[in-house]
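Input: a single structure, listed below in structure tokens.
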Amino acid sequence: MSYLFVALGGGLGAMLRFFVNQLVPFPFGTMSVNVIGSFLMGIAFILIGTKVGSKEVMFLMTGLLGGFTTFSAFSLDALKLWEAGKGGFAIGYVMLSVFLSIMALWAGIMLIRGGNA
């Protein structure tokens, strides 16, 4: 049953992301989604984030906000590290995540293009 809550929330989140990207010009649609999603994840984390495994967390945080933007989960992870006194690790996590993600995107493109930029 938990997968159903995640799937329903995820579907709605993806539709919301698509909607925002239709309204806001490139690349600011994605940035808007990331900022809004992170803001909402902060609110959700304080209000229901301690109920791990609850229907609310699965639907709202994992599903809806995860489908809207995974950046919100990434931001929450970085902040949790920072608040746990692992500031250096948090900064490294952010930098490495962004760098490796861009490099993985590039590698995928190069793989399909046959190495032609």
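The values are calculated or read from the model by the stated rules, or taken from the named source; none is laboratory data. Small disclaimer: the values here were computed from a predicted structure and weren't measured. FYI the Cβ positions are ideal-geometry reconstructions off the backbone, even for glycines, and counts take in every protein chain you see. Areas reflect the complete protein model, heavy atoms only, side chains present, ligands, DNA and RNA absent. Shrake-Rupley method; radii C 1.70, N 1.55, O 1.52, S 1.80 Å.
Residues within the reach of a label modelled at Val52 (point 7 angstrom out along Cα to beta-carbon, backbone nitrogen below 19 Å), restricted to region 75-116, are 75-86. Accessible area per residue for the chain is 69 Å², calculated with a 1.4 Å probe on protein heavy atoms, without ligands, DNA or RNA. Computed from backbone phi, the HN-Hα couplings of region 19-34 come to 4, 4, 5, 6, 7, 10, x, 4, x, 6, x, 5, 4, 4, 4, 5 Hz, rounded to whole numbers (Karplus: 6.51 cos²θ - 1.76 cosθ + 1.60, θ = phi - 60°; Gly and Pro given as x).
Ligands, DNA and RNA excluded, the heavy atoms of Met61 present near 20 Å² of accessible surface to a 1.4 Å solvent probe. When all protein chains stay in place and ligands, DNA and RNA are ignored, the 1.4 Å accessible-area order of Arg17, Arg113, largest first, is Arg113, Arg17. Sorting 101-107, 86-92 by their mean Cβ neighbour count within 10 Å, with the most densely packed peptide first, gives 86-92, 101-107. When Rg and the Kirkwood radius Rh are both evaluated on Cα atoms of the chain, their ratio Rg/Rh stands at 1.04. Spatially, region 47-77 and region 82-117 are offset by 22 Å when compared through their Cα centroids. Hydrodynamic analysis of region 75-115 uses the Kirkwood radius over alpha carbon pairs. Inserted into Stokes-Einstein at 10 °C and 1.306 mPa s, it gives a translational diffusion coefficient of 140 µm²/s. Share of region 35-77's accessible area from carbon and sulfur, percent, 1.4 Å? Using a 1.4 Å probe with all protein chains present, region 35-77 comes out at 76 percent carbon and sulfur. Applying a DSSP loop filter and a limit of 16 other Cβ atoms within 10 Å to the chymotrypsin sites (Phe, Trp or Tyr not before Pro) in region 1-51 leaves nothing.
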